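**Student:** My questions all concern the structure below.
The values are calculated or read from the model by the stated rules, or taken from the named source; none is laboratory data. Only a predicted model underlies this, so the values are computations on that prediction, with no experimental measurement involved. Glycine also receives a Cβ, built like all others from the backbone with ideal geometry; neighbour counts cover every protein chain displayed. All accessible areas refer to the heavy atoms of the entire protein, side chains included, with ligands and DNA or RNA removed. Shrake-Rupley method; radii C 1.70, N 1.55, O 1.52, S 1.80 Å.
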Amino acid sequence: MSLKNDFENLLNTLNTEREELQLKLHLASMEAKEEFEEAEKQWSRIKQKAAEIADDSIETSEEFVAKAKVIGEELKDTYHRIAKRLSE
């Protein structure tokens, strides 16, 4: 399933960006820290959805995977926004 592979790739990218941001956060402004805390909530939700998608005993529809991918893309945008703030 191509959509499932795309989602797994997105999840890996998100994890890498998340880890890089965590290293830079100690220098961040309070606003960036607050935005990152909100992003952590999204990260938890997307990890749960990823577990459900990966669990072969749970039937996942294309629509479910597509919705999870949308959440992942939003999280990716949030990570990029925070990273941009940290680099300024």
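**Student:** Quickly estimate the mean residue ellipticity at 222 nm for the chain, helices only: each DSSP H run with n ≥ 4 gives -39500 (n - 2.57), and the total goes over all residues, rounded to 500.
**Tutor:** -30000 deg cm²/dmol
**Student:** Return the ratio Rg/(2.2 N^0.38 Å) for the stretch 21-67, where Rg is computed over Cα atoms only.
**Tutor:** 1.58
**Student:** So how long is each side of the chain along the principal axes, counting just the alpha-carbon atoms, biggest first, in Å?
**Tutor:** Sorted from largest, the Cα extents of the chain read 43, 20, 18 Å.
**Student:** Ignoring ligands, DNA and RNA, what percent of the 1.4 Å accessible area of the chain is carbon and sulfur?
**Tutor:** Carbon and sulfur: 48 percent of the exposed surface of the chain.
**Student:** Right, another one. Which whole-number percent is the relative contact order of the chain (Cα, under 8 Å, 6+ apart)?
**Tutor:** 50 percent
**Student:** Once you have the Cα-Cα distance between SER44 and ALA66, take 0.36 nm times their residue separation minus that, and quote the gain in nm to one decimal.
**Tutor:** 6.2 nm
**Student:** Among the GluC sites (Glu not before Pro) within the stretch 10-59, which fall in a DSSP loop and have no more than 11 other Cβ atoms within 10 Å of their own Cβ?
**Tutor:** GLU59
**Student:** Among ALA54, ALA39, ALA68, which one moves the most in a GNM of the chain with springs linking Cα atoms closer than 10 Å?
**Tutor:** ALA54
**Student:** Let me ask something additional. Could you derive backbone 3J(HN,Hα) for the stretch 74-88 from the dihedral phi with the Karplus parameters 6.51, -1.76 and 1.60 (θ = phi - 60°), listing whole Hz in sequence and x where the residue is Gly or Pro?
**Tutor:** Values per residue, Gly and Pro as x: 5, 5, 4, 4, 4, 4, 5, 4, 5, 4, 5, 4, 5, 8, 7 Hz.
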